[in-house]
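Below you'll find the structure, written out as structure tokens, and then a few comments.
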Amino acid sequence: MGQRTMQNIKKPTILIIDDEPSNIHILSEMLKGDHRILFSMSGEDGVRVAELHKPDLILLDVNMPRDDGYTTCKRLKDVPELKDIPVIFITIMGALEDEVKGFEVGAVDYITRPMHAITVIKRIQNHLRIKEHWNALQEMIVIDGLTGIANRRGFDIAFDREWRRSVRKQHPFSVLMADIDHFKAYNDSYGHAAGDVCLRTIAQIFDNHVKHTGGLVARYGGEELVCVLTETCALEVTDLLQRILADLATAAIRHEASPVSDVVTVSIGVATTVASNHVNPHDLLDLADRLMYQAKSAGKNRFVTGVLQQSAHSRGEHHRDGEHYPDKTVHCKPVTDRRIDLWRLAGDEQTPTALLIDDEPAQIEVLTEMLGQDYRIFSANSGEEGLEIAHAVSPDIILLDIVMPVLNGFEVCKRLKNDPILKDTPVIFVTSSATVYDEAQGFEAGAVDYITRPFQPPIVRNRIRNHLELKKQRDILRRLATTDGLTGIANRRGFDEAIEREWLCSLQNSAPISLILADIDYFKAYNDRYGHVAGDDCLRTVAGIFHSQIQRPGDLVARYGGEEIVCLLPDTDTNGALQVAKRLQENISAAAIPHLGSPLFQVITASFGIATVRHGREGTSQSADNPIPAFSRNEYHELINQADTCLYDAKKAGRNHIRSVLLSKQSVSSE
């Protein structure tokens, strides 16, 4: 995702729903400087305004005529487009059962009158920050981390949505499949870093043109792009293609290893139809794929277009260049619904862990009695002890007292939020200090909520449950954002995050770290011969082999590119990495996936490159006369580059080989 600029930063929109004009005026005055304010004086109208404007947060009064706040909140949560908008109840009611009921219908917070501006603003800022994080994670799920365009998951969702919309209107619908010609040779000649730049450039060229048509561009595979073009006839598609190819020619990305041209070129297949219930959209996608391979078979650096039509006898007909190609019968079944089921991905439920940090044992005892049946409880009697336990157990939520000796709660919270591992753990201040300024300082330090003594058990339980539910959703979204939608292993974003983290740990502990970069041999020929569906199945099978063989805590398997898989192995020397690579090689061969297009063994094989670093601290040595200069915390890219070089050497040696290198600071510096 790109950096936010002054032009695209907008004020968050707050919808106030209250039947009292004076209350609306007070809240508007509090918030008007930093927020865009909308208001409604009834629950029914408030839902209508929310559907129209999609606010970022809703402030909702409970006591209103006709539809009270609880009924209105339920209606908001029943609308799919509104259900994730945070709702805060603001009311003069202060009864325990009222607050509990508010949480049960879906509110995220509860503020009672008389209102203090600081409290209202800080609570709103807190929930807006949570929502912004949520939105960013949702975007990461469907965006390719390398190119910035949609990923395969994003394409699947958009493809289904746009097809349904086009069917309702009987509009033209086109799918464009593009493949960068001889991209494997480009990577071999210029390296993966240059290949990444090339991919980003071409993706941007396609996106710049397609987005103006209202369409979508996605990264479909390693070097393959797919475009959805709605309300675009065949003639308009041809014009679009010519403009894309003209920009690509202008970019003139050097590719001296290509037998087609001395610059990077693409082969494109385009399939068009009129969307209707009598056409299976996946046949359209399949046709675009086959037309792209026809373009490649005809010499590459060209495009081929075709039309998927429906005959009176419900048979699909492919027309290209005046020729007629009868195809299999089109089965008029609905498009598969591929919306993300967050709860299916949550995995096995485990008892959540709560850490209580309070210097008064009696208060810990009260909270333990209150929460012990639903949570695994850890406790600490000081800020320092609390930080140690937090690092040891990584709790799901932390309840933190403010007034403690040495390290008070504000300082402990700040340290937690500065820790890369613990920064997303929700912290709730539980204290007898109830001043407005203490509450504001707590939110400034990074807390998500604030509960004052004496405790009301239902309130404490509901607030904790509410924040754990939010954390659970964020954790699932984060997992999705770092998981490859096709293979189920980590994606490039997940790998980038992991290698930076593990490199730093190995540097701090002077421990070895190894990287295996593997490439499926002649995979392009496999796709050409068996098609993309079989290619996807092959990738999933090979990824499953990697996942089954690499199971240590801290190890990571990720899809690095189209048919490239990377293994990150902390605390592993060269010999250990070689054993892992040999085991993977044997298991891939044992799977015996037929590959008649391979000149090697007629089955799928893989080539492996291994790079290992054994860190030494600056000024230290394994012997007094032989100091080992230390790598810096940002030099993990060299590990990737060297594994890439070894992979290239393995392929150059005839494929289905393993090559490795042990890196030292001296060897890298001398290159």
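The values are calculated or read from the model by the stated rules, or taken from the named source; none is laboratory data. Keep in mind that what you see is a predicted model, and the values were worked out from it rather than measured. All Cβ positions, glycine included, derive from the backbone under ideal geometry; neighbour counts span all protein chains shown. Quick note on the areas: whole protein, heavy atoms, side chains included, nothing else; ligands and nucleic acids left out. Shrake-Rupley method; radii C 1.70, N 1.55, O 1.52, S 1.80 Å.
Among the residues of segment 618-646, the ones that are surrounded by 14 or more Cβ atoms within 10 Å (Cβ to Cβ) and either at pLDDT 95 or above or closer than 17 Å to SER664 by Cβ (or both) come to 15 in all. Being part of a loop (DSSP other than H, G, I, E, B) and either modelled with pLDDT under 95 or open to solvent by 50 Å² or more (accessible area, probe 1.4 Å) (or both), is that true of even one residue in segment 580-590? Within segment 580-590, none of the residues are part of a loop (DSSP other than H, G, I, E, B) and either modelled with pLDDT under 95 or open to solvent by 50 Å² or more (accessible area, probe 1.4 Å) (or both).
When you look at ILE130, is it within 30 Å of PHE206 (Cα to Cα), of a type outside the set (D, E, K, R) and either under 26 Å from the mean Cα position of the chain (by Cα) or surrounded by 17 or more Cβ atoms within 10 Å (Cβ to Cβ) (or both), yes or no? Considered against the rule, which asks whether it is within 30 Å of PHE206 (Cα to Cα), of a type outside the set (D, E, K, R) and either under 26 Å from the mean Cα position of the chain (by Cα) or surrounded by 17 or more Cβ atoms within 10 Å (Cβ to Cβ) (or both), ILE130 comes out as no. Among residues of segment 20-49 that are among the basic types (Lys, Arg) and in a strand (DSSP E or B), those with a beta-carbon under 9 Å from a residue that is open to solvent by 80 Å² or more (accessible area, probe 1.4 Å) and at pLDDT below 95 at least six positions away or on a different chain give the pairs ARG36/LYS10; ARG36/LYS11. Exactly one residue among GLY531, GLY544 is at positive phi and surrounded by fewer than 18 Cβ atoms within 10 Å (Cβ to Cβ), and that residue is GLY531.
Among the residues of segment 65-87, the one identified as open to solvent by less than 40 Å² (accessible area, probe 1.4 Å), in contact with a Gly (Cβ under 9 Å, 6 or more places away or on another chain), within 25 Å of GLN125 (Cβ to Cβ) and not in a helix (DSSP H, G or I) is VAL87. Residues being modelled with pLDDT under 95, open to solvent by 30 Å² or more (accessible area, probe 1.4 Å) and in contact with a Pro (Cβ under 6 Å, 6 or more places away or on another chain) are represented in segment 233-241 by at least one member. Of all residues in segment 405-423, those that are surrounded by fewer than 16 Cβ atoms within 10 Å (Cβ to Cβ) and more than 17 Å from GLU444 (Cβ to Cβ) total 5. Restricting the search to segment 326-376, which residues are surrounded by fewer than 18 Cβ atoms within 10 Å (Cβ to Cβ), assigned to a strand (DSSP E or B) and modelled with pLDDT of 90 or more? Hits for segment 326-376 are THR353, ARG376. Considering segment 89-200, the qualifying helices (runs of 4 or more DSSP H), each wholly inside and each with 1 or more residues that are in contact with a Ser or Thr (Cβ under 7 Å, 6 or more places away or on another chain) and touching a residue at least 24 places away in the same chain (Cβ under 8 Å), run over 152-169, 183-190.
Out of curiosity, is GLY494 open to solvent by less than 30 Å² (accessible area, probe 1.4 Å), in a helix (DSSP H, G or I), in contact with a strand residue (DSSP E or B) (Cβ under 7 Å, 6 or more places away or on another chain) and within 30 Å of LEU477 (Cα to Cα)? For GLY494, the condition - open to solvent by less than 30 Å² (accessible area, probe 1.4 Å), in a helix (DSSP H, G or I), in contact with a strand residue (DSSP E or B) (Cβ under 7 Å, 6 or more places away or on another chain) and within 30 Å of LEU477 (Cα to Cα) - is met.
Here is a yes/no grid of residues against (1) within 20 Å of ALA447 (Cβ to Cβ); (2) of a type outside the set (A, V, I, L, M, F, W, C):
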| position | (1), (2) |
| --- | --- |
| ASP61 | no, yes |
| MET64 | no, no |
| VAL79 | no, no |
| LEU82 | no, no |
| THR91 | no, yes |
| GLU99 | yes, yes |
| VAL108 | yes, no |
| PRO114 | no, yes |
| ILE118 | yes, no |
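The set of residues from segment 192-229 being modelled with pLDDT of 90 or more, over 14 Å from ILE149 (Cβ atoms) and touching an Asp or Glu at 6+ places or on another chain (Cβ under 9 Å) comprises GLY195, CYS198, LEU229.
Here VAL274 fits the description: open to solvent by 50 Å² or more (accessible area, probe 1.4 Å) and more than 21 Å from TYR526 (Cβ to Cβ). Every test in (1) surrounded by 18 or more Cβ atoms within 10 Å (Cβ to Cβ); (2) assigned to a loop (DSSP other than H, G, I, E, B); (3) not β-branched (Val, Ile, Thr) is passed by GLU502 save one, and that test is (2). If you go through segment 380-404 and pick out every residue that is crowded, with 19+ Cβ neighbours inside 10 Å and either of a type in the set (Gly, Ala, Ser) or in a loop (DSSP other than H, G, I, E, B) (or both), you end up with 9. Screening ILE489 on (1) modelled with pLDDT under 85; (2) within 19 Å of the chain's Cα centre (by Cα); (3) among the β-branched types (Val, Ile, Thr) shows it passes everything except condition (1). Please verify whether VAL167 is more than 26 Å from the chain's Cα centre (by Cα), of a type in the set (Val, Ile, Thr), farther than 24 Å from SER297 by Cβ and surrounded by 17 or more Cβ atoms within 10 Å (Cβ to Cβ), treating the condition exactly as stated. Taking the combined requirement at face value, the residue satisfies it. Scanning segment 348-374 for residues that are more than 24 Å from LEU407 (Cβ to Cβ) and touching a Ser or Thr at 6+ places or on another chain (Cβ under 8 Å) yields one hit, ASP374.
Considering only segment 453-487, state which residues are hydrophobic (A, V, I, L, M, F, W, C), in contact with a strand residue (DSSP E or B) (Cβ under 9 Å, 6 or more places away or on another chain) and assigned to a helix (DSSP H, G or I). Once the filter is applied, which keeps residues that are hydrophobic (A, V, I, L, M, F, W, C), in contact with a strand residue (DSSP E or B) (Cβ under 9 Å, 6 or more places away or on another chain) and assigned to a helix (DSSP H, G or I), segment 453-487 yields ILE459, VAL460, ILE464, LEU468, ALA481. When we screen ARG529, ARG478, ARG463, ARG474 for residues that are basic (Lys, Arg) and under 30 Å from ILE658 (Cβ atoms), the only hit is ARG529. Cβ separations smaller than 9 Å between residues 6+ apart or across chains give the following pairs from segment 223-246 residues that are on the phi > 0 side of the Ramachandran plot to residues that are crowded, with 23+ Cβ neighbours inside 10 Å and in a strand (DSSP E or B): GLU231/PHE173. The residue that is most open to solvent (accessible area, probe 1.4 Å), among those in segment 424-452 that are under 18 Å from THR112 (Cα atoms), part of a loop (DSSP other than H, G, I, E, B) and among the hydrophobic types (A, V, I, L, M, F, W, C), is ALA434.
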